[in-house]
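Everything on this sheet refers to the single structure shown next.
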Amino acid sequence: MTALRIDGKSFAARLRALVKEAAGAIIRDHGVTPGLAVVLVGEDPASKVYVGSKQRQTREAGMNSIEHLLPDDTSQDDLLALIDRLNADPAVHGILVQLPLPAHIDAAEVINRIDVAKDVDGFTILNAGRLATGQRAMVPCTPLGCMMLLRDHLGDLAGLEAVVIGRSNIVGKPMAALLTAANATVTIAHSRSRDLPEIVRRGDIVVAAVGRAGMVTGDWLKPGAVVVDVGINRTDEGLVGDVDYDSAAQVAQAITPVPGGVGPMTIACLLANTLTACCRIHDIPEPDLGTA
Ligand code: NAD
């Protein structure tokens, strides 16, 4: 068996086109241009690349991109003051603070200062709590993108066994919350789990969000599993995921490649969340972007 390659790149392009069309309609019918403010502190090269892609794709979707590129030695107080200004700015509907922040900054305090209505990354405690308790939330972009790919491929997830490897606040935990809300039976595995291959073998769905190149091999998988590879690992052979694609593809039913799987979905979902935030702030009916 050779698994179907889930094409996140094309799916993301379709989602971006939907967002662009919906943004055009909002500008035309309501005189409001959705705006995303991106805050980058310091010179981290990977972060600069991500921020550049986010800005470009925001503009390509017909929305405003507002950039704040701050020096590495920016103080906590100055950063909080900027967040306060962006919270109060009517042209800004989404605020994204690129992580990681420099070590002298208290990232949790900065993130939680973001107005919950503008928290398009869904990282504030309030949005995380809403997601965990099944209330309408702004959902973190990477797990949201994973869910869209899973639903597109599998339809109803009710009763399926899902194994999420990784328990971070930005991927693993919200991913598990979304799968639980979709009525899957969810196991969260992590660095202290015992006999990880045995746990992973339970999964009809496996989501790998660890940051270890090629860790999940085909012999860890249940035949016919659907595998979502969130990992982005820079190696001598280029970017690779947490899943060893070739061996996994012999056993899985479907698998997301790296690159071209989850990655492009993350930014497309950020644009979708910005549009959604704009609609909610202005009491405009939300277009159906397939994110609900
Ligand atoms: P993180 O470092 O915050 O969390 C990693 C998780 O993996 C932890 O919960 C840890 O318990 C678990 N883990 C570590 N070693 C393990 C092991 N040996 N066995 C089982 N579990 C183990 O990372 P993160 O922010 O959640 O990101 C995970 C990966 O996803 C990274 O490669 C990151 O670059 C990538 N990522 C990709 C996107 C995207 O858009 N595609 C977005 C965010 C993160």
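Residue count for the stretch 240-269, restricted to those that are surrounded by fewer than 18 Cβ atoms within 10 Å (Cβ to Cβ) and under 18 Å from the mean Cα position of the chain (by Cα): 2.
Pairs meeting the criteria (first residue in the stretch 104-115 and in contact (Cβ under 8 Å) with a residue 40 or more places away in the chain, second residue crowded, with 17+ Cβ neighbours inside 10 Å and not acidic (D, E), beta carbons under 6 Å, at least 6 apart or on different chains) are lacking.
State all residues of the stretch 217-228 that are more than 17 Å from G260 (Cβ to Cβ) and within 14 Å of the ligand (Cβ to nearest atom); if no residue qualifies, say none. If the condition is that a residue be more than 17 Å from G260 (Cβ to Cβ) and within 14 Å of the ligand (Cβ to nearest atom), then T217, W220 are the ones that fit.
On inspection, T180 does not qualify as within 10 Å of the ligand (Cβ to nearest atom) and assigned to a helix (DSSP H, G or I). Scanning the stretch 191-211 for residues that are away from the ligand (no atom under 13 Å from the Cβ), touching a strand residue (DSSP E or B) at 6+ places or on another chain (Cβ under 8 Å) and free of Cβ contacts under 8 Å to residues at least 40 places away in the same chain yields a count of 0. Exactly one residue out of G214, G231, G145 is at positive phi, within 13 Å of the ligand (Cβ to nearest atom) and crowded, with 16+ Cβ neighbours inside 10 Å: that is G214. If only residues of the stretch 96-131 that are under 16 Å from the mean Cα position of the chain (by Cα) and among the small types (G, A, S) are counted, the one that is farthest from C279 (Cα to Cα) is A128.
For the stretch 148-172, residues that are more than 16 Å from the ligand (Cβ to nearest atom) and either of a type in the set (A, V, I, L, M, F, W, C) or within 14 Å of the chain's Cα centre (by Cα) (or both) total 4.
Taken together, the values in this text are just the output of simple stated rules run on the coordinates, not laboratory data. Source: prediction; values computed, not measured. Glycine also receives a Cβ, built like all others from the backbone with ideal geometry; neighbour counts cover every protein chain displayed.
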